[in-house]
Amino acid sequence: MSYNIESIMLYISYVTFTIFIIGIIHKWSRWASMPIHLRWELYPVSHEKKAEYGGSYLEEVDWAKKTREVTKIGELKEMLEEMLFIKRIYLMNKRLWFLSWFFHFGIYLILVWFLALFLSAITMSLGVQIPSSNPWAYFLYYATLITGGLGAIMTIIGGIGLLIRRLSDPVLRDYTTWPDYLNTVLVLITVATGLAAWIYDPAFDLARKFMLSLVTFSQPPPLPTITTVNIALIQLLLIYIPFSKITHFIGKYFTYHKILWDDEPNTGQLDGRISELLRLPLRWSAPHIRSGETWEKNAAGL
């Protein structure tokens, strides 16, 4: 493989993707190893059979002697509603919901576009041309066209709209930090350059060939300057994401499964973990708190 700008971008892609995976694993493991959250009852819990009216197994007589009945279907339904439709923003801030949904759904489509490109590269490496009369190749060709174009347009419209709302709405502006602006702008610039590159590659042929090079470790095709810039920005974004608030998609798992839906009874190993935490000393003080004493002693008033 000759060393030109395209091959250099290829090597950098391997490095940045590796950094991304390591960063995501590190962020996940760090959050997973944090102390358990405050144990309180937040209902309805989606895996409860009584979730429809906010009920709980705790309301049953002798619940500790019975086998708990949970449903993963309820959790899956709630997760899909939140992921695909940003349900909580819709319920709590309908004025912000449409722009947020447009932005996030556009990103989902772009992720599907990357998946379609990857599957296209695998298919081409097996000797199947895209486009061709092969049904699978035909599907991948149009899936790439639709998700790539529509995803980029939706992301840009939603992202610009969110920026305008954050800058013009006094309430949103007060609690929007500069990393929030940076996150949105970085995503917008990356997607905008991708949309510009689409002008030079309307059928995503170059994108498929570059992905094929990544999959087969072969010489990539010559790329227009705007496409090279877009790839560089994607690489920058991959490095940036694990160390930014964009990883809230990981945080949502812990928010739902380890806080909102964690209604396991305080028994066995969990009870031991809680006891360990209660024996930790407090490092802050207040009129009703004695610094240096344990949580347990402060709670008991000892």
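The values are calculated or read from the model by the stated rules, or taken from the named source; none is laboratory data. Quick caveat, the model's predicted, so the values are computed rather than measured. Counting neighbours? That spans all protein chains shown, and the Cβs are built from the backbone with ideal geometry, glycine included. Ligands, DNA and RNA are stripped out before the accessible areas are found, and what is left, the full protein with its side chains, is counted by its heavy atoms. Shrake-Rupley method; radii C 1.70, N 1.55, O 1.52, S 1.80 Å.
Summary table
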quantity	calculated
Residue match in the stretch 178-187 (condition: surrounded by 14 or more Cβ atoms within 10 Å (Cβ to Cβ) and either not in a helix (DSSP H, G or I) or not assigned by the TED database to the domain that holds PHE217 (or both))	no
Number of positions in the stretch 22-71 that are under 30 Å from LEU237 (Cα atoms) and surrounded by 12 or more Cβ atoms within 10 Å (Cβ to Cβ)	6
Matching residues, the stretch 72-104, being surrounded by 19 or more Cβ atoms within 10 Å (Cβ to Cβ) and of a type in the set (A, V, I, L, M, F, W, C)	ILE86, LEU99, PHE102, PHE103
Any hit, the stretch 155-171, residues being out of contact with any Lys or Arg (no Cβ under 7 Å at 6 or more places or on another chain) and either closer than 18 Å to VAL229 by Cα or not assigned by the TED database to the domain that holds SER13 (or both)	yes
Where a residue in the stretch 214-228 is over 18 Å from MET124 (Cβ atoms) and its partner, wherever it lies, is hydrophobic (A, V, I, L, M, F, W, C), with Cβ under 7 Å and at least six apart	PRO224/ALA197; ILE226/ALA196; ILE226/ALA197; THR227/ALA197; THR227/LEU206; THR228/ILE5; THR228/MET9
One residue from ILE156, ILE122 being open to solvent by 50 Å² or more (accessible area, probe 1.4 Å), assigned to a helix (DSSP H, G or I) and either within 23 Å of LEU182 (Cβ to Cβ) or not aromatic (Phe, Trp, Tyr) (or both)	ILE122
Selected residue (criterion: surrounded by the most Cβ atoms within 10 Å (Cβ to Cβ)) from residues of the stretch 238-292 that are hydroxyl-bearing (Ser, Thr, Tyr) and part of a loop (DSSP other than H, G, I, E, B)	SER244
